[in-house]
1. Hey, ALA74 hits all of (1) touching an Asp or Glu at 6+ places or on another chain (Cβ under 6 Å); (2) more than 11 Å from ILE8 (Cα to Cα) but one; which does it fall short on?
2. Among what's in segment 55-78 and is touching a Phe, Trp or Tyr at 6+ places or on another chain (Cβ under 8 Å) and surrounded by 17 or more Cβ atoms within 10 Å (Cβ to Cβ), pick the residue that is farthest from ARG41 (Cα to Cα).
3. Can you tell me which residue is farthest from the chain's Cα centre (by Cα) among those in segment 68-87 that are at pLDDT below 90 and charged (D, E, K, R)?
4. Report yes if ALA90 is exposed (fewer than 10 other Cβ atoms within 10 Å of the Cβ), modelled with pLDDT of 90 or more and within 22 Å of HIS4 (Cβ to Cβ), otherwise no.
5. For residues that are modelled with pLDDT under 95, farther than 18 Å from VAL88 by Cβ and surrounded by 11 or more Cβ atoms within 10 Å (Cβ to Cβ), tally how many sit in segment 15-36.
6. Limited to segment 44-67, what total is found for residues that are touching a strand residue (DSSP E or B) at 6+ places or on another chain (Cβ under 6 Å) and either of a type in the set (Gly, Ala, Ser) or at pLDDT below 95 (or both)?
Amino acid sequence: MSHHLLHILVSPKLEDAMIDWLLAQEQAPVFETSRVQQYGRSLESLTERVTGFRLQVLFMLQIPALTLNTFLPALEEKFGKEVISYRVLAISNSHSPWPAT
């Protein structure tokens with residue numbers, strides 16, 4: 001079965017809601033998070049303008065290719081396209097010692 005790597009960027013304000021939503025999925029994926037500094041985007045707050053970047057939370061998860069057609073629309077419906085951004089990358093090879101759930 002082929003998989004894709006899904007990167008989801010959200011505001012730190014949405015971190016807990018995203019974690020809750022991911023864990024509530026029928027086949028909850030194993031995922032990692034990391035705080036990242038995003039550059040090149042318009043900066044809204046005074047802090048962002050002073051530091052020159054926007055703080056975001058990056059969710060990284062491996063997802064079966066067959067579930068993308070239902071997962072992405074559900075993600076967009078829950079959080080809205082205006083609030084989150086994501087990218088999907090094809091995985092040519094991967095290994096995980098954890099069993100798929």
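The values are calculated or read from the model by the stated rules, or taken from the named source; none is laboratory data. In this text, all values refer to a predicted model and were calculated from it rather than measured experimentally. FYI the Cβ positions are ideal-geometry reconstructions off the backbone, even for glycines, and counts take in every protein chain you see.
1. With respect to (1) touching an Asp or Glu at 6+ places or on another chain (Cβ under 6 Å); (2) more than 11 Å from ILE8 (Cα to Cα), ALA74 is out only on (1).
2. Applying the first criterion (touching a Phe, Trp or Tyr at 6+ places or on another chain (Cβ under 8 Å)) to segment 55-78 yields 59-61, 63, 72, 75, 78.
Cutting the leftovers down to surrounded by 17 or more Cβ atoms within 10 Å (Cβ to Cβ) gives us 59, 61, 63, 75.
Numbers: PHE59: 19, LEU61: 24, ILE63: 27, LEU75: 22 Å.
Filtering first and then ranking leaves ILE63.
3. Filtering first and then ranking leaves GLU82.
4. Numbers: exposed (fewer than 10 other Cβ atoms within 10 Å of the Cβ): yes; modelled with pLDDT of 90 or more: no; within 22 Å of HIS4 (Cβ to Cβ): yes.
Taking the combined requirement at face value, the residue does not satisfy it.
5. 1
6. Here is the first cut: in segment 44-67, the residues touching a strand residue (DSSP E or B) at 6+ places or on another chain (Cβ under 6 Å) are 48, 53-54, 56-65.
From what's left, either of a type in the set (Gly, Ala, Ser) or at pLDDT below 95 (or both): 48, 53-54, 56, 61-65.
The qualifying residues number 9.
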